[in-house]
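Take a look at the structure below.
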Amino acid sequence: MSLCPGQLSQQAREALKDELISNNSDLILRLPKVELHVHIEGTLTPELRWKLAQRHGVPPRFGGTEADFESVQDLRKAHDNVVSSAQIRTPEQARTLVTFSQAYYSGFEYLKTKNDFFDLAMNYFQLAATMNVRYCEPFFDAQGHTSRGVAWEDMMEGFREAQERASGELNVHSSWIMCILRDQSPESAMDHYKEALRYKDMIIGIGLDSNELNRPPNLFEEVYTLARKDGFKITAHCDVGVEDTHEHIRQVASTIAGTGLDRLDHGLHVADERRLLELVAGRSVPMTICPWAYLRRETYDSIAERLRLLFDAGIKMCISSDSPVYMDESWVTHNLLLAQKMGGFTDAEMVQIARSAVDMSWAKPAVKKAIDLEIEAMYEMA
Ligand SMILES: [Zn+2]
């Protein structure tokens, strides 16, 4: 498959992951973490997909293919070959390769009952605990589930049960962010927003994800304005590779819901324009950055350069994993290690980034304080 010069192949990304794990100081592994950009549906491991398929008596499928998998190992192998839609150049590739969107949305059909949503969330929380994640704000795509007939109660009560258990048993605390699917209508967004009000005790924010093409954030001005008035935090994805990305970032940083949103998800291309960089830094809009998510679309050097520019401009950022299962199985720890290498950050700068992540999170003060104290104790030892 043709790649842009400087863009890493799947084998090169695997080698990079191995190198990051074997060469790192253990500071990043031990660091108490906050993860603010992780799609719960993007944490559906091949093992869990397999289990849920068996639970529902359907064959495990992956992407748009009709391939039959004889074992979990086969299914896992298919996950290694997920490509970005930007990498599809020929009809043959379109027929034979699985894109991120196909892989991601094909997992939804296995999520039907309260038990399924509990298992999905609990599986992530358990993995998060092994990486010392102390607090997270997972995204969920309600429209992708209600459109298949899933009951709100099943989805949310499954999430709630896992959330409470993770908090009590794993010391992993969390709040949910409901993402609006931007390729669906503003009316659908409003309908789902109104339903979400019933779960305001567990949903801290309203976000925006899915395909950005021709779907600027200001299409959802009404729901964002209402959400802010009702006391939710508000955020939006501004992704990469879309012609109007810079305009979308400008809307998020300065105009929607009066003064702009509370956070920007992705948006590495802020670094392309001095004016945007000054806007985001000047308004202190924090950003969630998932460096691994860019590897299949951009060159290593261009990601690294932008990451450093954002940091040097004083923008607060939380390094996160996005949809780790479909991104080379790269979880938050891998993303932190990659960020450190890309930005050339010292251990002290990584601790500064970790502190920023706590600060920019929407956790309760007591949770923030506990993580801050833990980071402080670690830094004294480092
Ligand atoms: Zn995302």
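Worth a mention:
- Hull shadow area, averaged, the chain [alpha-carbon convex hull, nm²]: 17.8
- E161 paired with T96, simple spin-label distance in nm, labels 7 Å along Cα-to-beta-carbon: 4.4
- Couplings 3J(HN,Hα) for region 271-277, derived from phi with the Karplus relation 6.51 cos²θ - 1.76 cosθ + 1.60 (θ = phi - 60°), are 6, 6, 10, 3, 4, 6, 4 Hz, where x marks Gly and Pro.
- For C318, residues with placed amide H under 5 Å, excluding near neighbours: M287, T288, I289
- The phi-based Karplus calculation (6.51 cos²θ - 1.76 cosθ + 1.60; θ = phi - 60°) puts the 3J(HN,Hα) values of region 177-184 at 10, 7, 8, 7, 7, 6, 7, 9 Hz, whole numbers, x for Gly and Pro.
- Amide H contacts of S174 (H built 1.01 Å from N, under 5 Å, at least 5 apart or other chain): C136
- Multiplying the residue separation of N218 and E380 by 0.36 nm and subtracting their alpha-carbon distance yields 53.8 nm.
- Each part reduced to its alpha carbon centroid, region 303-333 and region 71-141 end up 19 Å apart.
- Modelled spin-label separation between L373 and E349, with each label point placed 7 Å from Cα along the Cα-to-Cβ direction: 3.1 nm.
- Estimated from helical segments only, the mean residue ellipticity of the chain at 222 nm is -14000 deg cm²/dmol, where each DSSP H run of four or more residues counts as -39500 (n - 2.57).
- Restricting region 188-251 to GluC sites (Glu not before Pro) in coil, as DSSP defines it, with at most 12 other Cβ within 10 Å: E243
- Dipole of region 116-170, positive end: most advanced residue of P138, M155, F118 [Cβ charges, Cα centre]: P138
- Listed residue pairs exceeding 31 Å between alpha carbons, taken from K17/K200; K51/K229; K77/K114; K112/K368; K229/K316: K17/K200; K51/K229; K112/K368
- Close amide H contacts of V240 (hydrogens built in the peptide plane, cut-off under 5 Å, sequence separation of 5 or more or a different chain): none are found.
- Its Cα centre serving as origin, region 1-139 has a Cβ charge dipole (Lys and Arg +1, Asp and Glu -1) of approximately 220 debye.
- Loop GluC sites (Glu not before Pro), region 38-136 (other Cβ atoms within 10 Å of the site Cβ: 14 or fewer; DSSP): E66, E70
- If you run the Gaussian network model on the chain, springs between alpha carbon atoms under 10 Å, then out of G343, G42, G314 the most flexible one is G314.
None of the figures in this text is laboratory data; all of them are computed from the coordinates on show. Owing to the predicted nature of the structure, the values given are computational and were not obtained by experimental measurement. Backbone-built Cβ (ideal geometry, glycine too); neighbour counts: all protein chains shown.
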